[in-house]
1. With a sphere of radius 14 Å drawn around the Cβ of GLN93, what net charge do the other residues whose Cβ falls strictly inside it have (Lys, Arg +1; Asp, Glu -1)?
2. If R₀ is 45 angstrom, what is the calculated FRET efficiency for the pair ALA61 and ASP123, using the beta carbon separation as r and rounding to 0.05?
3. Cut-off 10 angstrom, C-alpha nodes, Gaussian network model of the chain. Which of GLY16, GLY192, GLY104 fluctuates the most?
4. Suppose each label sits 7 Å from its Cα in the direction of the beta carbon; what would the SER228-LYS39 distance come out to in nanometres?
5. What pairs in LYS5/LYS26; LYS150/LYS195; LYS150/LYS191; LYS26/LYS51; LYS86/LYS108 have C-alpha atoms more than 24 Å from each other?
6. Please work out the ratio of the alpha-carbon Rg of the stretch 63-143 to 2.2 N^0.38 Å and round it to two decimals.
7. Cβ under 12 Å from ASP138's Cβ, ASP138 left aside: what net charge do those residues give with Lys, Arg +1 and Asp, Glu -1?
8. Can you tell which of LYS162, LYS30, LYS60 shows the greatest fluctuation in a Gaussian network model of the chain with Cα springs below 10 Å?
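Where a number appears in this text, it was derived from the coordinates with a stated rule and is not lab data. The model shown is predicted, which means the values in this text are computed figures rather than measured ones. Don't worry about glycine lacking a Cβ; one is built from the backbone with ideal geometry, like all the others, and counts go over all protein chains shown.
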Amino acid sequence: MIIIKLLSVCGVSSTGKTTTIENIIKELKKRRYTVGSVKEIHFEGFNIDDKGTNTYRHSKAGANPVTARGYKETDILYNSRLNLEKILYHYTQEFVLLEGIEKGNFPKIITANNTDEIEERLDDTVIAISGKISNKIDKYKDLPVINSIKEVDKLVDLIEDKCFEKMPDFPEECCSACGFSCEELTKMIIKGKAKREDCIINETNIKLFINNKEIEIVPFVQKLLYNSVLGVVSELDGYKEGKSIKVEVGS
Ligand code: SF4
């Protein structure tokens, strides 16, 4: 099973976000981790595919996604904004760094020029401050301020210590089996008041895979699926209590 750890670096432009991400990636690679990244683009008119290209014409004709395969690069183009979960279907790396994605259940590093910019983004998911302000201060409230150029070792030690397996992101009404919402539990893990294992979604005797990719299902649906499958299969010849059951559904 692939365990992906997420880390987001956020801050307004010209605070050192990309430099911070770049230095973290290099150090993680030096430590032999596999690393992917996702960059949020805050520009409405953004698109990579120019009007008139062959891939643009495929897309306009209705293909979605469209893949452009070159000798050195492969670009898979979707014609809509995907949520993070769907983007991560393409990733199998140990760390995925998010640049500019602020909302979500993952640890964050804020880059800033001044303390006002820190305050704008400060919440319980923040593990450190970096960027240009790290030339002026080395601590903000209870958070370390770490310069990614001069002290990348220290920054990545902290990342190794604080990042954990990607959390689910269910609305509270779908799951609160741990006694909290996914967001609340994430914040508690980051603050050292809970553990990643306190999310009990994976402690299940039923797993669902779509296209070989494991899909997280809330305890209520797990129970429903488990009882339905067991209800039918236990009536069949060959059923043995306690043995595992595998069902495959073709398209
Ligand atoms: S058990 Fe896991 S999926 Fe359910 S609310 Fe808690 S953190 Fe979210």
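1. Taking every Cβ under 14 Å from that of GLN93, the sum is +3.
2. Calculated value: 0.55.
3. GLY192
4. Distance between label points: 4.3 nm.
5. With Cα atoms farther than 24 Å apart: LYS150/LYS195; LYS150/LYS191; LYS26/LYS51.
6. The value comes to 1.49.
7. +3
8. LYS60
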